[in-house]
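In what follows, a structure is listed as structure tokens, so that the remarks can point back to it.
The values are calculated or read from the model by the stated rules, or taken from the named source; none is laboratory data. Small disclaimer: the values here were computed from a predicted structure and weren't measured. All Cβ positions, even for glycine, are placed from backbone atoms using ideal geometry, and neighbour counts span all protein chains on display.
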Amino acid sequence: MGELRLEELSASNIVAANTLSLKPGQEQFVAPVSHSIAEAYVNPVTAWPRVVLEDDEVVGFIMGNFDPDAHEVEFRSCIWRINVAATAQGHGVGRFAVLALADEARSRGFGHITVIFEPGEVGPEAFFAKLGFENTGETPYGETVAALPL
């Protein structure tokens with residue numbers, strides 16, 4: 001495994017981020033990166049889109065939201081999206097991305113980060129639990145809400 005680093009989403013890495021391939025079945029649990037790109041454009045003040053590079057290859061994408069005034073508490077300091085290339089899963093890329101987002105949240109004065117996901121056999125629940133996220137409830141749509149204290 002090479003060195004991991006974060007980089008802001010930009011014209012030079014947007015195509016690679018948008019073409020990350022997930023493992024079969026994972027697509028149902030996460031929206032495409034293109035949706036995050038649109039959200040970042042619509043919410044430029046609160047959105048935090050980043051790519052994860054291993055050496056010089058884009059192997060992951062994470063999008064956070066930092067809005068202390070958000071109506072729903074779950075959206076004040078949260079992970080909106082995380083995608084890790086199928087070939088890079090299990091190499092610490094997702095963990096690296098989540099911990100970087102947590103550091104950013106901490107530097108902005110937040111005491112926790114949240115994530116909302118759909119439960120399912122190949123879904124992200126085990127990944128988030130391994131990082132220390134604890135289920136705190138569910139949305140009206142049956143999605144799980146989990147939080148990580150910082």
(request) Would you point out the residue of the range 76-132, among those that are of a type in the set (S, T, N, Q) and touching a helix residue (DSSP H, G or I) at 6+ places or on another chain (Cβ under 8 Å), that is nearest to residue 53 (Cα to Cα)? (result) 83
(request) Please find, within the range 1-16, the residue that is modelled with the highest pLDDT out of those that are within 13 Å of residue 88 (Cβ to Cβ) and either of a type in the set (A, V, I, L, M, F, W, C) or in a helix (DSSP H, G or I) (or both). (result) 4
(message) Restricting to the range 93-117, count the residues that are crowded, with 16+ Cβ neighbours inside 10 Å and not hydroxyl-bearing (Ser, Thr, Tyr).
(response) 16
(request) Go through (1) modelled with pLDDT under 90; (2) more than 13 Å from the chain's Cα centre (by Cα); (3) surrounded by fewer than 19 Cβ atoms within 10 Å (Cβ to Cβ) one by one and return the number of the condition residue 20 breaks. (result) (3)
(message) Against the definition (in contact (Cβ under 8 Å) with a residue 12 or more places away in the chain, over 21 Å from residue 22 (Cβ atoms) and within 16 Å of the chain's Cα centre (by Cα)), how does residue 104 come out, yes or no?
(response) yes
(message) I need the full set of residues from the range 97-150 which are of a type in the set (Phe, Trp, Tyr) and in a helix (DSSP H, G or I), in order please.
(response) 127, 128
(request) Select, from 147, 85, the only residue that is under 26 Å from residue 3 (Cβ atoms), surrounded by 14 or more Cβ atoms within 10 Å (Cβ to Cβ) and of a type in the set (A, V, I, L, M). (result) 85
(message) Among the residues of the range 122-139, are any within 13 Å of the chain's Cα centre (by Cα), within 25 Å of residue 69 (Cα to Cα) and modelled with pLDDT under 95?
(response) no
(request) Taking the options 42, 52, 33, name whichever one is at pLDDT 95 or above and among the hydrophobic types (A, V, I, L, M, F, W, C). (result) 52
(message) Let me spell it out: the conditions are (1) within 22 Å of residue 4 (Cα to Cα); (2) in contact with a Phe, Trp or Tyr (Cβ under 9 Å, 6 or more places away or on another chain); (3) among the charged types (D, E, K, R), and residue 56 meets all of them except one. Which number is the exception?
(response) (2)
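Residue by residue, here is whether (1) more than 23 Å from residue 12 (Cβ to Cβ); (2) touching a strand residue (DSSP E or B) at 6+ places or on another chain (Cβ under 6 Å); (3) not hydrophobic (A, V, I, L, M, F, W, C) holds:
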{"position": "55", "(1), (2), (3)": "no, no, yes"}
{"position": "60", "(1), (2), (3)": "no, yes, yes"}
{"position": "101", "(1), (2), (3)": "no, yes, no"}
{"position": "110", "(1), (2), (3)": "yes, yes, no"}
{"position": "114", "(1), (2), (3)": "yes, yes, yes"}
{"position": "130", "(1), (2), (3)": "yes, no, yes"}
{"position": "137", "(1), (2), (3)": "yes, yes, yes"}
